[in-house]
């Protein structure tokens, strides 16, 4: 085995993991001719850099989330899964509650499935959610103002965050571009991060709705660690190891 630097070895390890999807510590030892201690140090270093996700006995590749399309175009992505996730999440909402519904196509499916609720207050920064729930006798809609993000049809920024400081909700329902045990909740749009964090603070319970394609993905902007989640609603095709691991974090998982 030719002696190489730790940096070169870690670069090769990253490429190898991208090809295989998963590597054990013993496989790394055999491939590079290093000790288990060295292999684990390499994995920890790469994990801290966000280049892989540590699992028991080794690591798996972290899939980078593709660029986020505008909301009207994203409605064609995983429509069946989003429909099931939205319906399952809506079942968590009962009459007489105050809930926050965020932006995005999966949360919009939640809104479409609560139109028959009674004495429900819905706070939202999403224009599609507003349009879906406007004029229903049993639902009071509270709209947050702010700067309109055209591609998402959502209000963000300082004015939105100021309005959020004045309200509280029993449950907050939000989507995410990526959900990772190590890297938490991530989204694509950096300018929206502070608004999303303000949203998380108003809820007694935080419910993340994300189909299986968002699991083990990482996007550009860090939003929050997974311990901010109370309930994750995803579909039955979600990675089983991820589901098992996140349940150990005392997070309720609903599989639609």
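The values are calculated or read from the model by the stated rules, or taken from the named source; none is laboratory data. Predicted model, so just to flag it, every value in this text is computed and none were measured. So basically every Cβ, Gly included, is an ideal-geometry build from the backbone, and we count neighbours across all protein chains shown.
With respect to (1) in contact with a strand residue (DSSP E or B) (Cβ under 6 Å, 6 or more places away or on another chain); (2) buried (at least 22 other Cβ atoms within 10 Å of the Cβ), the lone exception for residue 193 is condition (2). Selection within the range 20-29: residues that are part of a helix (DSSP H, G or I) and either modelled with pLDDT of 90 or more or touching a strand residue (DSSP E or B) at 6+ places or on another chain (Cβ under 7 Å) (or both). The member of this set that is nearest to residue 54 (Cα to Cα) is 25. From the list 113, 96, 119, the lone residue that is surrounded by fewer than 22 Cβ atoms within 10 Å (Cβ to Cβ), within 23 Å of residue 81 (Cβ to Cβ) and either in the same structural domain as residue 200 (by TED's automatic domain parsing) or in contact with a helix residue (DSSP H, G or I) (Cβ under 8 Å, 6 or more places away or on another chain) (or both) is 113. Only residues that are surrounded by fewer than 16 Cβ atoms within 10 Å (Cβ to Cβ) and either modelled with pLDDT under 95 or more than 22 Å from residue 110 (Cα to Cα) (or both) were counted in the range 159-187, giving 4. Comparison of 9, 15, 41 shows that the only residue that is in a helix (DSSP H, G or I) and surrounded by fewer than 12 Cβ atoms within 10 Å (Cβ to Cβ) is 15.
State yes or no: is residue 156 touching a helix residue (DSSP H, G or I) at 6+ places or on another chain (Cβ under 8 Å) and surrounded by fewer than 22 Cβ atoms within 10 Å (Cβ to Cβ)? Answer is no for this residue. Selection within the range 176-202: residues that are more than 8 Å from the chain's Cα centre (by Cα) and not in a helix (DSSP H, G or I). The member of this set that is farthest from residue 226 (Cα to Cα) is 189. For the range 215-251, filtering for residues that are on the phi < 0 side of the Ramachandran plot and assigned to a loop (DSSP other than H, G, I, E, B) leaves 13.
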